[in-house]
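Report on the structure given below.
The values are calculated or read from the model by the stated rules, or taken from the named source; none is laboratory data. Predicted model only: the values in this text are computed from it and were never measured. Cβ atoms come from the backbone with ideal geometry, glycine included; neighbour counts cover every protein chain shown. Heavy atoms of the whole protein, side chains included, go into the accessibility calculation; ligands, DNA and RNA do not. Shrake-Rupley method; radii C 1.70, N 1.55, O 1.52, S 1.80 Å.
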Amino acid sequence: MKFAVLVFPGSNCDIDCYKAVEDTVGEPVDYVWHTATDLSAYDCILVPGGFSYGDYLRCGAISRFAPVMNEVAKAAEQGKFVLGICNGFQILTEAGLLPGALRRNMSMKFRCHDTTLKVVNNTTPFTTDYAAGEEIIIPIAHGEGNYYCDEETLAALKANNQIVFTYTDNPNGSVADIAGICNERGNVVGMMPHPERAVNSLLGSEDGKRMFSSILKTWRDTHGTASVR
């Protein structure tokens, strides 16, 4: 299995994502610049956090027009795995790969601390190693993490089991306490918390490791290869 970590001008969590892949599953991983026009070599695409293009206009509003995003859309359509974290989640919503939008935190302050998440959907390729209803510790670091969608969209998210994570103590005002969602197919996930920063006890939590092990396990199951080590 091969991972791609996208890099936009202003990305600052790309190295964290790269190291998380190396440290958790040990699979091949490459940095891929935002001008790339071919992602066919990759099975999972990580869209990392940061301040792409300085968050000008709106978080993710410029990045969604980067050439690589056309390839991300193609990969998602092909059923490949796409994970957007923090700014990556914002980019995926701006690109129309996930519904809703991320607004300024209700407090109007940047929030940077551990949060407790509830695993609502453990059937996505990213969450199979968690138990449904399990509570995990994953840090946040954002000023625009307030997830919003209209009532019709929220009803659809609930009906289709597209809410992947919720906050147990909502830090930003997100509707329905939403911390992460997926597309209807389940192969595209966006979340504001940072699982790549929760892969070692030295960081305060290892609960993010199972997102990466879930991805590899699902891919191996799909491709008929050996189970994860």
Cα-derived Rg over Rh, computed across the chain with Rh taken as Kirkwood radius: 0.93
Quick check on my link table: of Lys2/Lys80; Lys19/Lys209; Lys74/Lys217; Lys2/Lys74; Lys109/Lys209; Lys74/Lys209, which ones sit more than 19 Å apart, alpha carbon to alpha carbon? Lys74/Lys217; Lys109/Lys209; Lys74/Lys209
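Report relative contact order for the chain in percent, whole number only (criteria: Cα-Cα under 8 Å, sequence separation at least 6). Let's see the in-between values first.
Values: 527 pairs, mean separation 44.0, N = 229.
Reported as a whole number, the value is 19 percent.
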Which percent of Cα pairs goes in each bin when the distances of the range 146-211 are cut into 10 angstrom slices starting at zero? 20, 46, 27, 6, 0
Additional length obtainable on full extension of the chain from Ala61 to Leu203, 0.36 nm per residue less Cα span: 48.0 nm
Of all beta bridges DSSP finds with both residues in the range 3-225, what is the antiparallel percent, to the nearest 5? 60
Between Glu184, Glu151, Glu196, where does the largest GNM mean-square fluctuation fall for the chain, given springs only between Cα atoms within less than 10 Å? Glu151
Could you check the spin-label model distance between Phe51 and Asp38? Points 7 Å from the Cα along Cα→Cβ, value in nm. 3.5
In whole angstrom, how far apart do the alpha carbon centroids of the range 30-106 and the range 133-179 sit? 19
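Treating the beta-carbon of each Lys and Arg as +1 and of each Asp and Glu as -1, no other charges, what is the dipole magnitude of the chain about its Cα centre, to the nearest 20 debye?
80
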Can you work out the accessible area per residue across the range 3-225, with the rest of the protein chains kept in place, probe 1.4 Å, in square angstrom? 41
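Report the FRET efficiency, 1/(1 + (r/R0)^6), for Ala101 and Ala176, where r is their Cβ-Cβ distance and R0 is 22 Å, rounded to 0.05. Provide the component values of the computation, followed by the final result.
On the way: r = 14 Å, r/R0 = 0.64.
In this case the efficiency is close to 0.95.
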Those aspartates and glutamates that a straight Cα-Cα span of less than 17 Å connects to Lys158, excepting residues fewer than 8 apart in one chain: Asp150, Asp177, Glu184
